[in-house]
Amino acid sequence: MTSASSEPPCSKPVNICCIGAGYVGGPTCAVIAKMCPHARVTVVDLSQERIDAWNSPNLPIYEPGLQEVVEEARGRNLFYTTNVEQAIIDADLIFVSVNTPTKTAGLGAGAAADLRFIERATRTIARVATSSKIVIEKSTG
C-alpha cells in the first residue's frame, strides 16, 4: 500500500497530551516522543510524586529499554507535569490512559469496568478545551 503523501509519518508538528502517567500512558508516550521528534508530548498526572519520578533518573516503571527512551526524549519533546489544564489547552491530540479497575460495588460489581476516572478525565477535557481535540481512550484496565 502506498501513501498519498510523500511525507514520512510524524513529520508535522503536533501537540500530544496524555492524561495518566501510569503503566500505559508513561511508556507509550515516551516511545511516541522518541519516534516522532516533531511532536511535543506532554504526559500529565494528578500525582506530583509520580510526575517527580518520571522527571528523575529513577523512573516509576521498569520496562527493558524504557530508561534510555525517556532520557533521549525528556526535555527535548517529552515533558511530564501536573498542569493538566494547560496540557489539554495546548494539545491537538489527547490520550486518556487512566485506571479502569473492575467495579467493586453496584451493578456489574466484580465484572464491569469502573469508568469514573475516564469520566473525570473526559469531563475535564470538555470543560477546559478551547478548540477541537482528537481524544483517544487507551484503557489501562
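The values are calculated or read from the model by the stated rules, or taken from the named source; none is laboratory data. These numbers were taken from a predicted model, which means no experiment stands behind them. Cβ: placed from backbone, ideal geometry, glycine included. Neighbour counts: every protein chain shown.
Of all residues in segment 57-80, how many are outside any loop (DSSP other than H, G, I, E, B) and surrounded by 13 or more Cβ atoms within 10 Å (Cβ to Cβ)?
Total satisfying the criteria: 11.
Select from segment 127-141 the residues that are at pLDDT 90 or above and surrounded by 11 or more Cβ atoms within 10 Å (Cβ to Cβ) and write down the one among them that is farthest from I89 (Cα to Cα).
First pass over segment 127-141, keeping only residues at pLDDT 90 or above: 127-137.
This time we only want the ones that are surrounded by 11 or more Cβ atoms within 10 Å (Cβ to Cβ), so: 128-129, 133-137.
On the way: V128: 7, A129: 5, K133: 9, I134: 12, V135: 13, I136: 16, E137: 18 Å.
Only one residue fits best here, namely E137.
Restricting the search to segment 24-46, which residues are among the small types (G, A, S), touching a helix residue (DSSP H, G or I) at 6+ places or on another chain (Cβ under 9 Å) and either under 15 Å from S97 (Cβ atoms) or part of a helix (DSSP H, G or I) (or both)? Before you say what the answer is, go through the steps one by one.
Step one: filter segment 24-46 for residues among the small types (G, A, S), giving 25-26, 30, 33, 39.
Now narrow it down to the ones that are touching a helix residue (DSSP H, G or I) at 6+ places or on another chain (Cβ under 9 Å): 26, 30, 33, 39.
Those that are among the small types (G, A, S), touching a helix residue (DSSP H, G or I) at 6+ places or on another chain (Cβ under 9 Å) and either under 15 Å from S97 (Cβ atoms) or part of a helix (DSSP H, G or I) (or both): G26, A30, A33.
Would it be correct to say that D114 is at pLDDT 95 or above and touching a Ser or Thr at 6+ places or on another chain (Cβ under 8 Å)?
Details: at pLDDT 95 or above: no; touching a Ser or Thr at 6+ places or on another chain (Cβ under 8 Å): yes.
No, not satisfied.
Test R50 against the criterion of being outside any strand (DSSP E or B) and in contact with a Pro (Cβ under 7 Å, 6 or more places away or on another chain), and give yes or no.
When the stated conditions are applied, R50 passes them.
Identify, please: which residue in segment 121-141 is free of Cβ contacts under 8 Å to residues at least 60 places away in the same chain and among the charged types (D, E, K, R) and is, among those, nearest to V96 (Cα to Cα)?
E137
Just to be sure I understand the filter: pairs with C-beta atoms under 8 Å, separated by 6 or more residues or on different chains, first member in segment 81-99 and under 17 Å from I51 (Cβ atoms) and crowded, with 23+ Cβ neighbours inside 10 Å, second member of a type in the set (S, T, N, Q) and modelled with pLDDT under 95. Which pairs pass?
S97/S139; S97/T140; V98/T140
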